[in-house]
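Working notes, beginning with the structure itself.
The values are calculated or read from the model by the stated rules, or taken from the named source; none is laboratory data. Everything numeric in this text was worked out from a predicted model, so none of it was measured. Glycine also receives a Cβ, built like all others from the backbone with ideal geometry; neighbour counts cover every protein chain displayed. We work out accessible area using only protein heavy atoms, side chains counted, and drop any ligands, DNA or RNA first. Shrake-Rupley method; radii C 1.70, N 1.55, O 1.52, S 1.80 Å.
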Amino acid sequence: MGETALHDLSFALLDWYDRHARAMPWRVPPADRKAGVAPDPYAIWLSEVMLQQTTVAAVRDYHRKFTALWPSVRDLAAADDAAVMAAWAGLGYYARARNLLKCARVVVAEHGGTFPRNHATLLTLPGIGPYTAAAIGAIAFDAPETVVDGNVERVMARMFDIHTPLPAAKPELTGRARALTPQHRAGDYAQAVMDLGATICTPRNPACGICPWHAPCAARIAGTATDLPRKTPKKKTPTRYGIAYVARRADGAVLLETRPESGLLGGMLGWPCSDWADDPAPAPPINADWIAVEAQARHTFTHFHLHLQIMLAQVPLDAQPDRGHFIAKQDFSPAALPTAMRKVYDLVADLMQSD
Ligand code: SF4
């Protein structure tokens with residue numbers, strides 16, 4: 001495809017974006033952008049970190065909450081760690097929240113509270129990999145960076161009818177995306193391809209009839225759109241098992257444990273647990289008459305499913321745990337627990353209050 005044809009494709013997509021851009025709390029609409037309104041790099045960075053492994057629909061409210069609590073990177077850098085972790089609960093992987101805080105603090109300490117524009121410098125910040133650096137560069141600073149996520153891969157595979165399965169197809173799809181990235185309005189363009197993938201060129205039912213790339217799209221012409229992109233079959237997600245111990249003291253206090261810094265839910269408060277393994281050994285945190293709860297808490301992390309058997313015990317006021325510490329009833333907030341641990345609480349909340 002020649003340069004003029006590529007330019008025409010970018011132009012057609014930007015023209016579509018001018019009319020159909022999705023509204024997002026962090027996004028500057030194309031008309032405002034043309035009028036000179038610049039995006040807030042802090043808001044863009046926050047959205048990109050939140051969007052790693054989470055959908056736009058889920059991120060909207062979290063983004064509003066974070067920017068209301070901490071309107072600038074300086075506010076976030078000065079925030080209490082536990083408050084940020086609690087606000088993050090439900091967004092998954094806490095390593096991302098910890099990196100979010102680290103990054104905010106580095107931006108304040110080493111960059112005067114201003115996000116760097118340079119791609120290589122962005123890459124030195126905690127939690128920012130090549131994709132996020134490209135997205136911040138394009139969306140916040142209008143740099144002609146090529147931003148390739150799953151939506152963009154799908155659109156490129158279809159537009160150019162590429163049948164090589166993912167992930168082997170990534171270099172080719174990235175090359176196609178790069179060739180299409182315009183020098184002018186690169187930020188709007190990056191968001192336009194993502195919007196096209198999210199709203200028109202969707203995985204199952206692409207709406208080719210109203211697509212700005214309807215005429216030139218090779219997969220539409222070949223009738224292969226819904227087969228693309230091809231993927232190398234995934235291995236089945238394994239299941240790990242664990243035992244969560246919920247101990248309630250006579251005064252209503254509950255026994256919680258800070259999880260080790262390294263590992264899943266690192267540094268978060270949760271119910272004391274056994275290992276998460278194929279066949280975990282019991283590891284009660286306190287000597288008590290443990291009763292098995294019938295329901296299991298189930299949670300899926302990126303690489304495995306977790307099934308937690310729940311053991312419940314009432315313990316006396318002078319009970320001394322081997323590990324963990326009691327949290328007074330009035331200080332215990334189930335909402336602050338990470339999702340897997342909150343699911344455990346949801347299953348035993350009635351039992352805990354019934355006596
Ligand atoms: S014409 Fe259809 S398959 Fe091609 S890019 Fe548009 S929505 Fe996707």
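Only one residue in Arg96, Arg64, Arg74, Arg60 is of a type in the set (D, E, K, R) and closer than 30 Å to Gly175 by Cα, so which one is that?
Step by step, each of Arg96, Arg64, Arg74, Arg60 is checked, and only Arg96 is of a type in the set (D, E, K, R) and closer than 30 Å to Gly175 by Cα.
If you scan the stretch 300-318, which residues turn out to be open to solvent by less than 80 Å² (accessible area, probe 1.4 Å), under 26 Å from Arg96 (Cβ atoms) and in a strand (DSSP E or B)?
His305, Leu306, His307, Leu308
Would you mind stating whether Pro126 is away from the ligand (no atom under 16 Å from the Cβ), free of Cβ contacts under 8 Å to residues at least 40 places away in the same chain and not polar (S, T, N, Q)?
In short, yes.
Please state which one of Ala288, Ala297, Ala283, Ala247 is open to solvent by less than 40 Å² (accessible area, probe 1.4 Å), touching a strand residue (DSSP E or B) at 6+ places or on another chain (Cβ under 6 Å) and assigned to a loop (DSSP other than H, G, I, E, B).
Ala288
Go through the stretch 152-178 and count every residue that is open to solvent by 10 Å² or more (accessible area, probe 1.4 Å), in contact (Cβ under 8 Å) with a residue 40 or more places away in the chain and in contact with a Ser or Thr (Cβ under 9 Å, 6 or more places away or on another chain).
Counting residues in the stretch 152-178 that are open to solvent by 10 Å² or more (accessible area, probe 1.4 Å), in contact (Cβ under 8 Å) with a residue 40 or more places away in the chain and in contact with a Ser or Thr (Cβ under 9 Å, 6 or more places away or on another chain) gives 8.
What's the total number of residues in the stretch 106-133 that are small (Gly, Ala, Ser), open to solvent by less than 30 Å² (accessible area, probe 1.4 Å) and in a helix (DSSP H, G or I)? Spell out the reasoning first.
Of the stretch 106-133, the ones small (Gly, Ala, Ser) are 109, 112-113, 120, 127, 129, 133.
Next, from what is left, pick out any that are open to solvent by less than 30 Å² (accessible area, probe 1.4 Å): 113, 129, 133.
Keeping just the survivors that are in a helix (DSSP H, G or I) gives 133.
The number of residues fulfilling the criteria is 1.
Go through (1) near the ligand (Cβ under 10 Å from one of its atoms); (2) open to solvent by 50 Å² or more (accessible area, probe 1.4 Å); (3) more than 21 Å from Met24 (Cβ to Cβ) and name the single condition Ala225 misses.
Of (1) near the ligand (Cβ under 10 Å from one of its atoms); (2) open to solvent by 50 Å² or more (accessible area, probe 1.4 Å); (3) more than 21 Å from Met24 (Cβ to Cβ), only one is false for Ala225: (2).
How many of the residues in the stretch 142-179 are of a type in the set (A, V, I, L, M) and touching a His at 6+ places or on another chain (Cβ under 9 Å)?
Result for the stretch 142-179: 3.
For the subset of the stretch 139-151 comprising residues that are crowded, with 23+ Cβ neighbours inside 10 Å and part of a helix (DSSP H, G or I), which member is nearest to the ligand (Cβ to nearest atom)?
Ile139
Are any of the residues in the stretch 135-148 modelled with pLDDT of 95 or more and under 29 Å from Glu261 (Cβ atoms)?
Yes, there is a match, as at least one residue in the stretch 135-148 is modelled with pLDDT of 95 or more and under 29 Å from Glu261 (Cβ atoms).
Being at pLDDT 95 or above and either assigned to a helix (DSSP H, G or I) or of a type outside the set (A, V, I, L, M, F, W, C) (or both) is the filter here; which residues of the stretch 34-47 pass it?
If the condition is that a residue be at pLDDT 95 or above and either assigned to a helix (DSSP H, G or I) or of a type outside the set (A, V, I, L, M, F, W, C) (or both), then Pro39, Asp40, Pro41, Tyr42, Ala43, Ile44, Trp45, Leu46, Ser47 are the ones that fit.
Select from the stretch 152-179 the residues that are more than 17 Å from Leu9 (Cα to Cα) and part of a helix (DSSP H, G or I) and write down the one among them that is farthest from the ligand (Cβ to nearest atom).
Pro171
Quick check, is Ile136 open to solvent by less than 40 Å² (accessible area, probe 1.4 Å), of a type in the set (A, V, I, L, M, F, W, C), closer than 15 Å to Pro39 by Cβ and in the same structural domain as Glu48 (by the TED database)?
Considered against the rule, which asks whether it is open to solvent by less than 40 Å² (accessible area, probe 1.4 Å), of a type in the set (A, V, I, L, M, F, W, C), closer than 15 Å to Pro39 by Cβ and in the same structural domain as Glu48 (by the TED database), Ile136 comes out as yes.
Output the residues belonging to the stretch 39-67 that are touching a residue at least 12 places away in the same chain (Cβ under 8 Å) and either open to solvent by 60 Å² or more (accessible area, probe 1.4 Å) or not assigned by the TED database to the domain that holds Gly127 (or both).
Asp40, Gln53, Arg60, Arg64, Lys65
What pairs come out if I take residues in the stretch 198-221 that are within 16 Å of Ser10 (Cβ to Cβ) and within 8 Å of the ligand (Cβ to nearest atom) and pair them with residues that are open to solvent by less than 30 Å² (accessible area, probe 1.4 Å) and at pLDDT below 95 whose C-beta lies under 7 Å away, six or more apart or interchain?
From the stretch 198-221, the pairs are Trp213/Leu9.
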